[in-house]
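A short write-up of the structure that comes next.
Readers should treat all values here as calculations from the given coordinates under stated rules, not as data from a laboratory. Fair warning: this is a prediction, and the values are worked out from it, not measured in the lab. Cβ placement follows ideal geometry from the backbone for every residue including glycine, while neighbour counts extend to all protein chains displayed.
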C-alpha cells in the first residue's frame, strides 16, 4: 500500500528522516522501529572531523527553529570504520548526507561511501546555509551546482540524491542543472536563511548571526517549491520542510514528492515518524487507496 521507489531505492513507505535531525539512527532506536522507516539520512559527513560553529548555535522561533550547528561530525573515516559497523545490519535504506568545502572533498567523501555495501545512496548537500565555505555556495548557482554533481557522479555509482537550497531566485533552474549533470533524485528544501535578535541583550541569538530556519514556518514555501520542481524535472523529488503529521506529508506527496523527510519534528516528538506512517496507512484505508502512488503528484 505505501511502497514507493526513488530511482533504484525501494522504500517500504515514503517516510524518511532528514539529515542532522536524526543522528545516526541509533539515537532514536528506543522511540522508533528504524526498520519500519522507508529510510533515514544520517548527519552530514565531511572529509575530516569538524567541531561545527561556536555556541550558541540553536534558537527557537515562532513555528520553527534556527540552527547554525555547522556540520559537526567525526569525518568520513570515522563513519566508515565505526558508525557504519553499528548500523549496517538495519533492514532499511541508510543514506549518508555528504558535504564539503570543495569539489575535491565532496568527491573524496562520496568515493569512500561508495565502497560501503549497505549504503545504497548518498544525499549531496550543496545547500547548507550555516557553513562558511562550500555548502550553499555551490547550491545557489546552476553552473557550480552542476559542476560538483558531475564530478561526484564520476566517482559515485549508486543512487545520487542532491539536496537543494530554497535561498535562490529559481529553484527550478538549480534542479534542472543537477538533473542534467547526473543526479538521480533531488531533495528539497533545506533550511531557509534566517536571523533572530535578543532585544534584551541587543545581540543575535546565534553566534554566527544568521542560521537555517526550519519547522512548520517553512512548510508552505517547501510545498510550493516541491510542486514547481516536480513539474520541471523527470527524476524523483523528495520533499521536506516543516512536516510534522501525516497530513503534512500528504501535501508534499500530492504536490509531486515521491517520498518525504521529517526533520525538526523529531526534536519535538521522537516517535513522530511512526505516527506519520500510521497516519498514511489510515488515510489510504479511509479513502480506498490501494497504492499510495495513486495520489503522488495529483496537484
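Here are the numbers for the structure shown:
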read-out	value
Residue in the stretch 109-132 that is farther than 27 Å from residue 90 by Cβ, over 17 Å from the mean Cα position of the chain (by Cα) and in contact (Cβ under 8 Å) with a residue 60 or more places away in the chain present	no
Flag if residue 100 is under 17 Å from the mean Cα position of the chain (by Cα), buried (at least 23 other Cβ atoms within 10 Å of the Cβ) and under 15 Å from residue 229 (Cβ atoms)	no
Subset tally (residues that are in a loop (DSSP other than H, G, I, E, B) and within 24 Å of residue 1 (Cα to Cα)) for the stretch 217-240	3
The stretch 250-299, residues that are part of a loop (DSSP other than H, G, I, E, B), without any contact (Cβ under 8 Å) to a residue 40 or more places away in the chain and either at positive phi or crowded, with 22+ Cβ neighbours inside 10 Å (or both)	288
Top-ranked residue of the stretch 204-216 - restricted to ones that are in contact (Cβ under 8 Å) with a residue 60 or more places away in the chain and assigned to a strand (DSSP E or B), ranked as farthest from residue 177 (Cα to Cα)	210
Check on residue 201, touching a residue at least 12 places away in the same chain (Cβ under 8 Å) and over 17 Å from the mean Cα position of the chain (by Cα)	no
Index of the failed condition, residue 182 passing every other in (1) farther than 22 Å from residue 98 by Cβ; (2) in contact with a helix residue (DSSP H, G or I) (Cβ under 9 Å, 6 or more places away or on another chain)	(1)
